[in-house]
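Novice: First, the structure itself, so that you have it in front of you.
The values are calculated or read from the model by the stated rules, or taken from the named source; none is laboratory data. Not measured: the values here are computed from a predicted model. Reconstructed Cβ throughout: ideal geometry from the backbone, glycine too, with neighbour counts over all protein chains shown. Only protein heavy atoms, including side chains, enter the accessible area calculation; ligands, DNA and RNA are left aside. Shrake-Rupley method; radii C 1.70, N 1.55, O 1.52, S 1.80 Å.
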Amino acid sequence: MIAYLFPGQGAQAKGMGEGLFDEFQELVAKADAILGYSIKKLCLEDPANQLGQTDFTQPALFVVNALSYLKKIKETGRKPDYVAGHSLGEYNALFAAQALDFETGLKLVKKRGELMVRAVGGGMAAVIGLEEEVFREVIERNKLTEIDVANFNSPTQIVISGPKDMIEQAKPIFEDAGALNYVVLNVSGAFHSRYMENARQRFETYAAQFEFSKMEIPVISNVHARPYKQQDLRTTLIHQIVSPVKWSESIRYLMGKNVTQFIQVGPGKVVTGLVNAIQREAEPLIVMEDEVCNEQEQEITPENTSINFGKQFTAESLGNNEFKQYYGLKYAYLIGSMYKGISSKEMVVKAGKAGMMGFFGAGGVKIGALEEAIKYVQKELNNGEAYGMNLIHVPDHPDIENNIVDLYIKYGVRNIEASAFMSITPSLVRYRLKGLRRNAKGIVIPQNRIIAKVSRPEVVEAFLSPAPQNIVNKLLAENRISRNEALMAMEIPMVDDLCVEADSGGHTDHAVAYVLIPLMLKMRDEAILKYKYNKSIRVGAAGGIGTPQAAAAAFILGADFIMTGSINQCTVEAGTSEEAKDLLQQLNIQDTDYAPAGDMFEMGAKVQVMKKGVFFPARANKLYDLYRNYNSIDEIDRETKRYIEEKYFKKSIEQVYEDIKAYYPAEIIEKAERNPKRKMALIFRWYFTYSTRLALNGDKTNKVDYQVHCGPALGAFNQWVKGTVLEDWKNRHVDEIGQKIMVETAEYLNERYKALTTSLTF
């Protein structure tokens, strides 16, 4: 299903309509006759700087929108299933539906612009970042009775109208309430409000002379966010001048009607941006009947609508709505980080543009490359799409964590995935506390958000608690946080959300989702009561999710969102070699194994890795056994050392140690020289770096030593897509995979629900 959407005032720009005026000369001549000036000259040259004036803007936009629509129909030969327009654009929607002809539409718009420009003394402002419920609380609490809502543009963008002085006075009130931005608009009047009543009355008199034809395409009205009724067409159009533009609800209605393509017809990208935001932040509106409320009826609320969400799941309805709104997501679906940039910047951008959130795999990435990745992602995702970066715990190098946090704070990275943490570190606390503020209700609002991947109760407890006081005091003493930030630290947890990591690729505790998720939900609820937090903490699920059935199990267990990992490294966007992807594509569910984690070798931490076609897990475990059984490299027998040199390292132990000395700081080497066991650990750890590099670079001569972190989810995914176009990794894209999983998860849940209910007897 396709909907064509027409922009309204604000989309105008000098040069708009270029090429259209010569193609549709007959209509342009009619426009010039009606307007009394050259519409082509106004739009392309604007010699008198009139294009921004309401009485010129509205006719100009109507003409360009109308010609753009005719051009679109000529090119595609297909009319849309629905049409809608934002404010002025609604006249173009009615033109597209053949309710009015070109001349009638232009005459109405010309008069509308003339009447609206006379309404002086009013103003408008866009309030960004507040949900409607909070917005209305602010209006009521502060008795802003002279202010009306003009546009519900998206769930978190509301435009207000009112007397100019009241619009200016309201700015600090909304900012204190938590608005991310408050933009006073450059308009002369309080459009779409009670202050346009005089214009409405005059427009009603003028419009009485025109007749309207039968609509050939459903038109969604700004007034009701429902299709126009033919018998009410005139009164609805007239009332639009004093009514708020219910754009967000209109798009949600169309989403509920299974519209999958929203195409802006006309200049600019404002409407496209709003639609993208609505799809990320809101769910489809499922309406049983296309009933349009009378103008005098009460405002639409959840209690008095014919909305029926029923038992039907959709891809967009799965998961926690608050979670999706908080991060601006369409789907409760995250793409977890994979180190060394395997979760690439391209992967993060793909996810963001599809209404998901991906985390860049910052672990092991040099600081310069990480900075470039941040800049790339921020450049590509510049319309509010969600993205995140990884912060992995580096036990031996706290300076690495600190440098990464410095970078995230510098570039305003607002979402991070904290992984492999066994305790709370100063760098993590500093990131969390930077920019804390209180809203109008006195509630502490974090600027920087943390989603922690966890699998152990003691780690969960640490993240659910406020920042450790000793770390807060230390950061305050070092002037790394402010006194206010230190005081507010005790009122919020260390995380916004938790992601329960069951048996997964990479670092793993062999945990079982069926055990972990209920326990973590219980711990979450207890922490909220204990610390009296003012907001919820969502709990998601990761590990083993590679099919709709696995995703469905996670949601049924109570997960607020899901996170995938292993399946994404066998895609076009993954930042690893084609050789590694070729091997990954062949895996089944039994083709993974456990090996020591190179970054936590001495601690005995484990990672899950690819086993099929490689010797890495066996060789890595052999090295760890040697480390446990010997106190130095010199104690190991000569034959074993020679075998390791020839088969594992492909160079002598002495050469390996020279590489280590060139890489590690002098203080690390000095400690190794004093501690033979530490020196042995460094030598063995070299193999883990080497094996990772082989896989990333696709070294064809040493495939058996590839280290590839992977869980059984990829094997399950490979079996699921076998025999389809997705069997070949070259056809796999992370956004399409995510959408496919969410869509088929909803279908699976609907089938299971139906099967369950039909099998019950009473």
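Novice: If amide hydrogens are placed 1.01 Å from N in the peptide plane, which non-local residues have theirs closer than 5 Å to the one on A150?
Specialist: The list, which skips near neighbours in sequence, is V159, I160, S161.
Novice: Segment 394-499: which GluC sites (Glu not before Pro) are DSSP loop and have at most 12 other beta-carbon atoms within 10 angstrom?
Specialist: Passing sites in segment 394-499 are E478.
Novice: What GluC sites (Glu not before Pro) in segment 123-172 are in a loop by DSSP, with at most 16 other Cβ atoms within 10 Å of the Cβ?
Specialist: E131
Novice: How much net charge surrounds F21 when only other residues with a Cβ under 13 Å from its Cβ are counted (Lys, Arg +1; Asp, Glu -1)?
Specialist: -2
Novice: Quick query: amide H of G364 versus all other amide H atoms, modeled in the peptide plane; which residues come in under 5 Å with a sequence gap of 5 or more or a different chain?
Specialist: The list, which skips near neighbours in sequence, is K340.
Novice: What FRET efficiency comes out for the pair T145/T724, r = Cβ-Cβ distance, R0 = 56 Å, nearest 0.05?
Specialist: 0.40
Novice: May I ask you to list the GluC sites (Glu not before Pro) in segment 191-283 that are in a DSSP loop and have at most 16 other Cβ atoms within 10 Å of their Cβ?
Specialist: E211, E216
Novice: Distance between Cα centroids, segment 665-734 to segment 33-69: provide it in whole Å.
Specialist: Each part's Cα centre sits 61 Å from the other's.
Novice: Could you state the number of Å between the C-alpha centres of segment 535-609 and segment 353-405?
Specialist: So the two Cα centres are separated by 19 Å.
Novice: Give me the angle, in degrees from 0 to 90, between the Cα long axis of helix 132-141 and the longest principal axis of the Cα atoms of the chain, rounded to the nearest 10.
Specialist: The answer is roughly 70 degrees.
Novice: In segment 478-536, how does Rg compare with the Kirkwood Rh, expressed as the Rg/Rh ratio over alpha carbon atoms?
Specialist: Rounded to two decimals, Rg over Rh is 1.12.
Novice: What is the helix-to-structure angle for 398-410, meaning the angle in degrees between its Cα long axis and the longest Cα principal axis of the chain, kept from 0 to 90 and rounded to the nearest 10?
Specialist: For helix 398-410, the angle is close to 10 degrees.
Novice: In the chain, what percent of the accessible surface is made up of carbon and sulfur (1.4 Å probe, ligands and nucleic acids excluded)?
Specialist: Roughly 49 percent of what the probe reaches on the chain is carbon or sulfur.
Novice: How much of the DSSP bridge set in segment 414-534 is antiparallel, in percent, rounded to the nearest 5?
Specialist: 20 percent
Novice: Could you tally the net charge around L694, taking each other residue with its Cβ under 11 Å from the Cβ of L694, Lys/Arg +1 and Asp/Glu -1?
Specialist: Cβ neighbours under 11 Å give a net charge of +1.
Novice: Shifting gears a bit: What is the diffusion coefficient of segment 417-476 in µm²/s, taking the Kirkwood radius over Cα pairs and the Stokes-Einstein relation at 25 °C with a viscosity of 0.890 mPa s?
Specialist: 197 µm²/s
Novice: Give me the orientation-averaged projected area of the Cα convex hull of the chain, in nm², one decimal.
Specialist: Mean projected area for the chain: 38.7 nm², to one decimal.
Novice: Still on this structure, I have one more. Relative to the Cα centre, what is the charge dipole magnitude of segment 95-194, using +1 at the beta carbon of each Lys and Arg, -1 at the beta carbon of each Asp and Glu, and rounding to the nearest 20 debye?
Specialist: 480 debye
Novice: Note down the nm distance, to one decimal, between modelled labels 7 Å out along Cα→Cβ at L180 and at K612.
Specialist: For the pair L180/K612, the computed spacing is 4.3 nm.
Novice: Please determine, in degrees from 0 to 90 and to the nearest 10, the orientation of helix 653-663 with respect to the longest principal axis defined by the Cα atoms of the chain, where the helix direction is its Cα long axis.
Specialist: Tilt of helix 653-663: around 40 degrees.
Novice: Give me the percent relative contact order of the chain, please, defined on Cα pairs under 8 angstrom at least 6 residues apart.
Specialist: It comes to 10 percent, rounded to a whole number.
Novice: Tell me, in nm to one decimal, what length is gained between I445 and D525 on full extension, where the rule is 0.36 nm per residue of separation less the Cα-Cα distance?
Specialist: Extra length from I445 to D525 when fully extended: 26.8 nm.
Novice: Here is a further query. As an exercise, use a Förster radius of 25 Å and the Cβ-Cβ distance of Q50 and K353 to find the FRET efficiency, rounded to the nearest 0.05.
Specialist: 0.10
Novice: Can I ask one more? Pop the C-beta distance of A662 and Q585 into the FRET formula with R0 = 25 Å and round what comes out to the nearest 0.05.
Specialist: For A662 and Q585, the calculated efficiency is 0.10.
Novice: Also: Taking 0.36 nm per residue of sequence separation and subtracting the Cα-Cα distance, how much length would be gained by fully extending the chain between E197 and E23, in nm to one decimal?
Specialist: Roughly 58.7 nm would be gained on extension.
Novice: Write down the accessible area per residue of the chain in Å², having rolled a 1.4 Å probe over the full set of protein chains.
Specialist: The answer is 43 Å² per residue.
Novice: Quick one: Debye curve from the alpha-carbon atoms of segment 186-235 only, equal weights, vacuum; give me log10 I(q)/I(0) at q = 0.21, 0.22, 0.29, 0.33 Å⁻¹ to two decimals.
Specialist: -0.94, -0.98, -1.12, -1.18
Novice: Would you work out the charge dipole size for the chain about its Cα centre, treating the Cβ of every Lys and Arg as +1 and the Cβ of every Asp and Glu as -1, and quote it to the nearest 20 debye?
Specialist: Taking the Cα centre of the chain as origin, the dipole is about 760 debye.
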